[in-house]
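Encoded as structure tokens, the structure appears first; notes follow it.
The values are calculated or read from the model by the stated rules, or taken from the named source; none is laboratory data. Everything numeric in this text was worked out from a predicted model, so none of it was measured. Here the Cβ is made from the backbone with ideal geometry for all residues, glycine too, and neighbour counts use every protein chain on show.
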């Protein structure tokens, strides 16, 4: 069976005991959670439509999928639509996990069967009620990322506070320059070579630490300079490199929002401010 590139919605089997539920309708969305449930169903319904609901038999296939959601798929499967019925069965059988884990695995988000069901049906019918499937997918991604970021900030807020305190104290130290973005740097050695641009590929040596001195990465320690495009690294590095003539050595103090923000990078925990000693060796051809 083909695999969808988006989450498969999980639905209460008992909710699909009649084909009268397969009509496109306008749901009532009063809260963000309502919208998430509906968008979840709609995005997945759109994905199912793109993979399975094609041709003149679209209505029959939708009905077959809903039939597949009935407990145990009793009776003989219609061979012509066996795949779509099997998909419906798989969707239904995953209900228990979703009810335990919450919407998309988030225990704080309660599953709303009716809204997911209506979103799924609307998506399979290609409806644009409230939003289309593509807009629903974008809404899911943006909202879930924002919710995840809030959770991460709650857990790792002390990292953010420590970085802000460090930068506030550091900016008044001799030789420290603060840019409009919040990046801070000290010129250790000013080279006399050309300046890199966004599209340059550069060769550098660097030594990276957390504010407590923990080394998380170092080409200096490895004795192996690295080469990379200026515009394919963290924002703080991209900005700093374009200020450094070849031959320069700078010390960078990178705020978390110009580094990895809420991402967990192993040794670099969410919202960590980073410190780098960077030497720009050359601009590569």
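Identify the single condition in (1) surrounded by 14 or more Cβ atoms within 10 Å (Cβ to Cβ); (2) closer than 18 Å to residue 269 by Cβ; (3) modelled with pLDDT of 95 or more that residue 165 does not satisfy, given that it satisfies every other one.
Every listed condition holds for residue 165 apart from (1).
Kindly evaluate residue 122 against the criterion of being buried (at least 22 other Cβ atoms within 10 Å of the Cβ) and modelled with pLDDT of 85 or more.
Taking the combined requirement at face value, the residue satisfies it.
Counting only residues that are crowded, with 16+ Cβ neighbours inside 10 Å and within 30 Å of residue 172 (Cβ to Cβ), how many does region 184-205 have?
Looking only at that region, the number is 7.
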